[in-house]
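The values are calculated or read from the model by the stated rules, or taken from the named source; none is laboratory data. Not measured: the values here are computed from a predicted model. In this analysis, Cβ positions are derived from the backbone assuming ideal geometry, glycine residues included, and neighbour counts consider all displayed protein chains. SASA here: full protein model, heavy atoms, side chains in, ligands and nucleic acids out. Shrake-Rupley method; radii C 1.70, N 1.55, O 1.52, S 1.80 Å.
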Amino acid sequence: MTFIKQTKKYWLVLMIVAMAWLFLRHDAFLYTNPVGQVTRVSEKETQKITDEHQNSDFIMTQKLTVKLLNHAKKTIYVSNSYAQSQVISNKYRVGDQLLLENIGSTKHILSLKRDAVVGALATLLVGLLLIYSKWRATSWLMFSLVINIILFGFALFINVHSKDANVLLLFSVLAILFATASLALVLGKTLQMGITLLTTLLTTTLTIGLLLCVLRLTNNAGVHFETMSYVTQVPVTLFMAQTIIGVLGAVMDEAADIVAMQFGMRREGITRHFSDYWHAGMSVGREIMGTLINVLFMIFIAETMPMVFLMLRNGNNWTYIMDQTMNLGILQTVISGIGIVLAVPVTSALVGWIMARKVTKL
């Protein structure tokens, strides 16, 4: 019966995902800009380009027949040029839906209309969360995500519209609000939530303090803040703000796991001493520490791969690439790794101290 019930849940989720995709696929009436669907494509090669490193590419020109799905429902013809590598341009196919804009008497392509795919994937995520967890837990999780998005948007608004905004202070406060909102809504207002929040903020503060001390002592030697892309503010301050958010996320993940395990020990009702909680926390921390650091490293590699490949194809050596492309990413990964390592003894000691002395009832 359990297997049949679980199978029905999967089918229900798939049906809802399909319905979401169908609705978003036919929601052109909600857009103010013209929306069209490609019904026919003809293309030809117009130019071959080769650079000094013998990298070659082909410029292709498409003639698209597009049926408008909103406003005046008629058929139009649009030209699109793209590089065969599709690094900065797109190749369109029959069935693609496009967001268009009016420029004079003609229409030009803005981008692909991707809301059907994104909406279907988001619906699938929520559906799977509901299958593997309770409705209450999933709803609070999604609510915390929405709250964090709103907080981030508010912080960006202040940063953009205030000339005298202290970026480091602003994003430090944002980090505290992120952690508080996430833990309070997911874990509830409990002692476990309070201790997890305390250990997260304490470890993050220690890690950032260590980073500031090292940078001050070395006078930022070997760290190229000037390589940050599209920076319109002081790059050092913006880098520190990024690092605070990154360290917070890594530390909170690990601290929550260790605290949950130690609270499980406390609920067994067996009288335990500080050393019991300390050794148990350290043991769990060592088990998950390596995995978390590897995850950070893989995320960093995934982010830098396109630029590294591009620079290698253009004749740059690894020394230059490390300095100009990977320098700050490596530093952030190392700092987050240090935060993960520090979170193990800090969390183990703090929770062990509180539990062993029975400061409050669970």
### Query
Being among the β-branched types (V, I, T) and within 24 Å of the chain's Cα centre (by Cα), is that true of even one residue in the stretch 104-117?
yes
### Query
Which one is farthest from A260 (Cα to Cα), of the residues in the stretch 166-200 that are of a type in the set (S, T, Y) and open to solvent by 30 Å² or more (accessible area, probe 1.4 Å)?
S172
### Query
Out of K67, K107, which single residue is over 30 Å from V126 (Cα atoms) and either at pLDDT 85 or above or surrounded by fewer than 16 Cβ atoms within 10 Å (Cβ to Cβ) (or both)?
K67
### Only one of K91, K44, K74, K48 that is basic (K, R), touching a Phe, Trp or Tyr at 6+ places or on another chain (Cβ under 7 Å) and surrounded by fewer than 12 Cβ atoms within 10 Å (Cβ to Cβ)
K48
### Task
Quickly run through the stretch 242-281 and pick out the residues that are under 11 Å from T196 (Cα atoms) and charged (D, E, K, R).
D253, E254, D257
### Task
Go through the stretch 266-275 and give me each residue that's part of a helix (DSSP H, G or I) and either open to solvent by less than 30 Å² (accessible area, probe 1.4 Å) or over 22 Å from T200 (Cα atoms) (or both).
R267
### Query
Are there any pairs, at least 6 apart or on different chains, whose C-beta atoms fall under 9 Å, with the first in the stretch 152-165 and on the phi > 0 side of the Ramachandran plot and surrounded by 12 or more Cβ atoms within 10 Å (Cβ to Cβ) and the second of a type in the set (V, I, T) and modelled with pLDDT of 85 or more, and if so, which?
none
### Task
Could you please find all residues in the stretch 196-222 being more than 18 Å from V247 (Cα to Cα) and not charged (D, E, K, R)?
L217, T218, N219, N220, A221, G222
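Rundown of residues vs (1) within 25 Å of the chain's Cα centre (by Cα); (2) of a type in the set (A, V, I, L, M, F, W, C), yes/no style:
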site	(1), (2)
S283	no, no
M305	yes, yes
W318	no, yes
M322	yes, yes
L331	yes, yes
P345	no, no
### Message
Just the residues that are closer than 19 Å to S172 by Cα and open to solvent by less than 70 Å² (accessible area, probe 1.4 Å), please, taken from the stretch 205-221.
### Response
T207, I208, G209, L211, L215
## Note on the structure
Subset of the stretch 56-80, residues assigned to a strand (DSSP E or B) and small (G, A, S), comes to S56, S79
### Query
Would you say F263 is in contact with a helix residue (DSSP H, G or I) (Cβ under 6 Å, 6 or more places away or on another chain), among the hydrophobic types (A, V, I, L, M, F, W, C) and part of a helix (DSSP H, G or I)?
yes
#### Entry: Given (1) closer than 30 Å to H279 by Cα; (2) in contact (Cβ under 8 Å) with a residue 12 or more places away in the chain, index of the condition V295 fails
(2)
### Summary
Taking the stretch 124-150 and keeping residues more than 30 Å from I176 (Cβ to Cβ), open to solvent by less than 40 Å² (accessible area, probe 1.4 Å) and at pLDDT 85 or above leaves G127
### Query
Listed residues T50, T32, T39; which is free of Cβ contacts under 8 Å to residues at least 12 places away in the same chain and more than 21 Å from S105 (Cβ to Cβ)?
T50
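Per-residue answers, yes or no, for (1) free of Cβ contacts under 8 Å to residues at least 40 places away in the same chain; (2) within 23 Å of L328 (Cβ to Cβ); (3) in contact with a Leu (Cβ under 7 Å, 6 or more places away or on another chain); (4) in a helix (DSSP H, G or I):
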{"position": "A221", "(1), (2), (3), (4)": "yes, yes, no, no"}
{"position": "E226", "(1), (2), (3), (4)": "yes, yes, no, yes"}
{"position": "I244", "(1), (2), (3), (4)": "no, yes, no, yes"}
{"position": "R286", "(1), (2), (3), (4)": "no, no, no, yes"}
{"position": "I301", "(1), (2), (3), (4)": "yes, yes, no, yes"}
### Query
Out of L312, L328, which single residue is hydrophobic (A, V, I, L, M, F, W, C), touching a residue at least 60 places away in the same chain (Cβ under 8 Å) and more than 30 Å from T190 (Cβ to Cβ)?
L328
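Results for (1) at pLDDT 85 or above; (2) surrounded by 14 or more Cβ atoms within 10 Å (Cβ to Cβ), shown as yes or no for each residue.
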| site | (1), (2) |
| --- | --- |
| P306 | no, no |
| R313 | no, no |
| W318 | no, no |
| M326 | no, yes |
| Q332 | yes, yes |
| G337 | yes, yes |
| L342 | yes, yes |
| P345 | yes, yes |
| K358 | no, no |
